[in-house]
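The values are calculated or read from the model by the stated rules, or taken from the named source; none is laboratory data. As the structure is a prediction and not an experimental result, all values here were calculated from the model. Positions of Cβ are backbone-derived with ideal geometry, glycine not excepted, and every protein chain shown enters the neighbour counts. Protein only, heavy atoms only, side chains kept; ligands, DNA and RNA dropped before computing areas. Shrake-Rupley method; radii C 1.70, N 1.55, O 1.52, S 1.80 Å.
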Amino acid sequence: MPIIDLRGSSNTNDVHTDYHSSEIRARLDQANGNHTNQVIWTWKKQNTPSSIVVPEELRVRALRTLDTWLTAIAADQRRLPTAVKVRIHKPSTAVDTCWPNGTAQTGLGPAVIDPEYAGRCGAAFPHFGDARQVAGEPVTGLSLKCRLAPLRRSALPRLTAEQFSRLKAAFPGGVCDWTRPPVGYRIAQPWLSFNRGPGGTALGPPPRSVPVRR
C-alpha cells in the first residue's frame, strides 16, 4: 500500500511528535524488510494550533502523487505481487522531502529532497522518542506492556553492590525484556468487529455483488 506520511513538525510543546513517522517506518522494515512504499513529507509547523493541518499546496501535491502512483499500479495487469508493482510504479515525486524554511507569511518555501532524512531534512527536523524508547524499547514501539526479566548483576557491571541492591528493591518484579513480544501481543487480523467485546471477531469474507434481473 503506498503511503505518504504528511507531518507538520514543531518538536516544541507538541503532541504530534515526529518520531511516529520513523516508528511506522521501522515497523514496515520489520514486517516487510523494506519501506519502499512509504514517503515522509515534513513541513515547518507554525506556533498556532491550526498550522498542524496540511497546507493546501501540499495536499494537492500529495493527492496528485498518490493518484499517479495508484493509477499506474491499477493499470499494470501483469501477474506480479502487489508489493512489486508498488515499488516499480513509484513516481519520482514520491521521495522523502521537507520544507524547512516555510513561514506564516511565505508559505511552505522551497522543497528539500532528502532520502531517509540523512541530510538537511534530518538536521532541520530531528525526531526524538518517548519514555519507552529511552528505556531501551526498539524504534518499532510495539509495547504497551513489556514482559519482565529478572535483573542480572552481570548486565550492570558498573553498579556497586549497594547500587544494584537498591535497583532490585525499586524493580522487584524485574525489568523490561525488549527481546520478547509484549504482553498480549498478537498479529493483526483484519477486519474485526468488536460488537461482542474486547479481542474482536472476524468479519468474514466481504459481500459479493450479484446482478438483479427485473
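How about the range 76-105: which of its residues are closer than 25 Å to W43 by Cβ and not in a loop (DSSP other than H, G, I, E, B)? Those that are closer than 25 Å to W43 by Cβ and not in a loop (DSSP other than H, G, I, E, B): V86, T97, C98, W99, T103. Summed over the range 107-117, residues that are surrounded by 14 or more Cβ atoms within 10 Å (Cβ to Cβ) and under 20 Å from the mean Cα position of the chain (by Cα) total 2. For the criterion of being under 24 Å from A31 (Cβ atoms), at pLDDT 90 or above and hydrophobic (A, V, I, L, M, F, W, C), W178 passes. The single condition from (1) loosely packed, with under 15 Cβ neighbours inside 10 Å; (2) modelled with pLDDT of 95 or more; (3) among the small types (G, A, S) that A62 fails is (1). Find the residue count for the range 37-58, including only residues that are under 16 Å from I4 (Cα atoms), open to solvent by 50 Å² or more (accessible area, probe 1.4 Å) and touching a residue at least 12 places away in the same chain (Cβ under 8 Å). Adding up the residues that qualify gives 2. If the condition is being assigned to a loop (DSSP other than H, G, I, E, B) and either among the polar types (S, T, N, Q) or surrounded by 11 or more Cβ atoms within 10 Å (Cβ to Cβ) (or both), then the range 151-181 contributes L151, L156, L159, T160, F171, G174, D177, W178, T179, R180, P181.
Within the range 133-142, identify whether any single residue is more than 25 Å from H35 (Cα to Cα) and either open to solvent by less than 90 Å² (accessible area, probe 1.4 Å) or assigned to a helix (DSSP H, G or I) (or both), and answer yes or no. Yes: the range 133-142 contains one or more residues that are more than 25 Å from H35 (Cα to Cα) and either open to solvent by less than 90 Å² (accessible area, probe 1.4 Å) or assigned to a helix (DSSP H, G or I) (or both). Checked across the range 93-106, the condition of being within 27 Å of P182 (Cβ to Cβ) and either crowded, with 16+ Cβ neighbours inside 10 Å or at pLDDT 95 or above (or both) holds for no residue. Does T17 satisfy the criteria of being more than 19 Å from L142 (Cβ to Cβ), out of contact with any Lys or Arg (no Cβ under 9 Å at 6 or more places or on another chain), open to solvent by less than 70 Å² (accessible area, probe 1.4 Å) and at pLDDT below 85? So T17 fails the test. Taken over the range 65-92, residues that are open to solvent by 80 Å² or more (accessible area, probe 1.4 Å) and within 20 Å of the chain's Cα centre (by Cα) amount to 1.
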